[in-house]
Amino acid sequence: MLEVKDLVVAYGRVQAVKGISFTVEQGQIVSLLGTNGAGKTTTLRTISGLLKPVSGEIWFEGERLDGVPAHQIVTRGIAHSPEGRRLFPRMSVEDNLLLGAFTRRDAAGVRQDLDRVYGLFTVLGERRNQAAGLFSGGEQQMLAIGRAMMSRPRLLMLDEPSMGLSPIMTQTIMRTIADLQAEGTTILLVEQNAQAALQLSDRGYVLEVGAITFSDTGAALLEDDRVKRTYLGVDL
Amino acid sequence: MDLFLQQLVNGLSLGALYALIAVGYTVVYGIVQLINFAHGEIFMVGAFGAYTTWMLMGAPASLSVGIALGVVLPAMLLGGIVTSVTVALLMERLAYRPLRSAPRLAPLISAIGISIALQEAVRLFYGRIPGFPDSRRAIPFPVIEGITGRTVQFGGLTIQYSALFTLGALAVCTVLLWWFVNKTRMGRAMQATSQDADTSRLMGINVDRAIATAFAVGAALAAVAGLAHGLRYNNIDPLMGFLSGLKAFTAAVLGGIGNINGAVVGGLTLGVVEAMATTFIPGQFGSSAWKDVWAFVLLILVLVFRPQGLLGAKVVDRA
């Protein structure tokens, strides 16, 4: 479904992503793991068109994606919930969600999806007219994911959805991600919480300073000594 | 008391002119955090566009009121708006967009350059068009039957029709702008862009187009102000954008830059303060030569005691 080939991305002279390749198959949850500065966020922002790659190719559903302007990516079927949530803080919950559906013209379908998000995250429905900036971190994260769902993406990219959340809230978010996969959405997940991410993932890629060092199925990576030591904090 | 009311009316109509221009500063600042110092010239170009339209119609004079108000005036308004919007869009595309990720000083200098270029282009070349008046001097603005020189008496107050035109134009523009920003897709795109441009792109918003639209909207209102200026002062000149632009910028800051309501309130306040100062401040300090001083004293006071402006610093959120 998504294929990234030899992707190189640089900020000025500094290469943040140094020729990585990976694939995401239809219906999978795929995780990108790695420490800060490994290039995970840069990769997602490049797929979204916010950054231009120096070289390499991005293919989605058989079409070349690199070079497509950022505002056209969402109509190709990809939604991106960015790092740090990036809500429109002075707009209401509902207006934020409606902006997620900005490119859609089917008012009835949008209405339906609004109700679906409110059903999934009841707190958002109860406070739909309040400014997004007034919500707690976890609630804002729900809104960020809900907003990304509003475009009915075939591929949903989530950047650090559990950042700054309590363990209970993290569980809720992870369950939601699993539910979305069950409904047929393919998910590309960037997480610091490797344990939680790998439990859900069909496949994981480990990034270190801009390069993929190894990859395997989620279950295998959970048992991998290198992953245990570096990302799961297990003392071996 | 009559004098006070008279000056209040005079001040409000002057302020309406400032407000129409001020909206352009504030809408553009709200979306790209750029003070478009060439906006005064967009206002000037709008006045010249309206005048040019009148010339192209054959400089019609001594018309019936119906034709003057029903045909000539709307055509001049349209001509002014088309001119201002075209120049503003070219300016955005050529002078600002390439500098969008440059340090903030760069577009500011670019703005000053554009401002001088537009002033000089009109001053030096407008009169070279065969049959057009020399624009190195002020050009008398066309007489519009039914408005120019006419006044209405109302309870001891004398109100010029041109003042009513300006106030009416401000009212109509404010309502239209509110509707546009809050009720249309492009309006929502502009609001989103003003809050977070990158995330707006992720939502599928064409940010370049939203920014260009902000410039176009501001330019359209400036053109309306250009026509109103011509009707009020009966002449236009290539340098008219400088002081009016500076006053309108003051009004935008006074009301809270980035806030559309603030631009309207700031413009009206500034106009009233000027009108009152020339009437009620005794001696030479109340002479009309000092009215600009009082306008900028007000700006300094606001910057010191309420730097976010009268209506706070909310960005294009709600018109």
Please indicate, with yes or no, whether at least one residue in the stretch A:152-163 is in a loop (DSSP other than H, G, I, E, B), under 30 Å from A:A38 (Cα atoms) and within 14 Å of chain B (Cβ to nearest Cβ).
yes
Give me the pairs, please: first residue somewhere in the stretch B:180-197 and more than 7 Å from chain A (Cβ to nearest Cβ) and over 15 Å from A:S92 (Cα atoms), second residue anywhere and part of a helix (DSSP H, G or I) and among the charged types (D, E, K, R), beta-carbon distance under 9 Å, and either six or more positions apart or on two chains.
B:V181/B:R188; B:M186/B:R209; B:T193/B:R201
Taking A:I73 as the residue in question, decide whether it is among the aliphatic types (A, V, I, L, M), more than 8 Å from every other protein chain (Cβ to nearest Cβ) and open to solvent by less than 20 Å² (accessible area, probe 1.4 Å).
no
Name the one entry in A:I29, A:I47 that is farther than 19 Å from A:Y11 by Cβ, within 16 Å of the chain's Cα centre (by Cα) and modelled with pLDDT of 95 or more.
A:I29
Scan of the stretch A:58-70 for residues that are surrounded by fewer than 19 Cβ atoms within 10 Å (Cβ to Cβ) and within 14 Å of chain B (Cβ to nearest Cβ), ordered by number
A:V68, A:P69
Subset of the stretch B:62-80, residues assigned to a helix (DSSP H, G or I) and out of contact with any Gly (no Cβ under 7 Å at 6 or more places or on another chain), comes to B:G66, B:I67, B:G70, B:V71, B:V72, B:L73, B:P74, B:A75, B:M76, B:L77, B:L78
Considering only the stretch A:86-132, state which residues are of a type in the set (D, E, K, R) and out of contact with any Asp or Glu (no Cβ under 7 Å at 6 or more places or on another chain).
A:E94, A:D95, A:R104, A:R105, A:D106, A:R111, A:D113, A:D115, A:R116, A:E126, A:R127
Condition (residue is farther than 24 Å from A:E3 by Cβ and open to solvent by less than 10 Å² (accessible area, probe 1.4 Å)) applied to the stretch A:163-172: is it met by at least one residue?
no
For the stretch A:92-112 the number of residues that are within 7 Å of another protein chain (Cβ to nearest Cβ) and either small (G, A, S) or part of a loop (DSSP other than H, G, I, E, B) (or both) is 3
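The rows are residues; the columns are (1) in a helix (DSSP H, G or I); (2) open to solvent by less than 30 Å² (accessible area, probe 1.4 Å); (3) in contact with a helix residue (DSSP H, G or I) (Cβ under 8 Å, 6 or more places away or on another chain); (4) more than 14 Å from chain A (Cβ to nearest Cβ).
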position	(1), (2), (3), (4)
B:R232	yes, no, yes, yes
B:S244	yes, yes, yes, yes
B:G262	yes, yes, yes, yes
B:L270	yes, yes, yes, yes
B:T278	yes, no, yes, yes
B:W294	yes, no, yes, yes
B:L303	yes, no, yes, yes
B:G312	no, yes, yes, no
Any hit, the stretch B:198-205, residues being surrounded by 23 or more Cβ atoms within 10 Å (Cβ to Cβ), out of contact with any strand residue (DSSP E or B) (no Cβ under 6 Å at 6 or more places or on another chain), of a type in the set (D, E, K, R) and within 14 Å of chain A (Cβ to nearest Cβ):
yes
Go through B:V172, B:V181 for me and flag whichever is among the hydrophobic types (A, V, I, L, M, F, W, C) and open to solvent by 40 Å² or more (accessible area, probe 1.4 Å).
B:V172
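The values are calculated or read from the model by the stated rules, or taken from the named source; none is laboratory data. Since the structure is predicted, the reported quantities are computational estimates derived from the model, not experimental observations. Ideal geometry is used to build each Cβ from the backbone, glycine not excepted, and the neighbour counts take in all protein chains shown. Side chains are part of the model used for accessible areas, which takes the heavy atoms of the whole protein and leaves out ligands, DNA and RNA. Shrake-Rupley method; radii C 1.70, N 1.55, O 1.52, S 1.80 Å.
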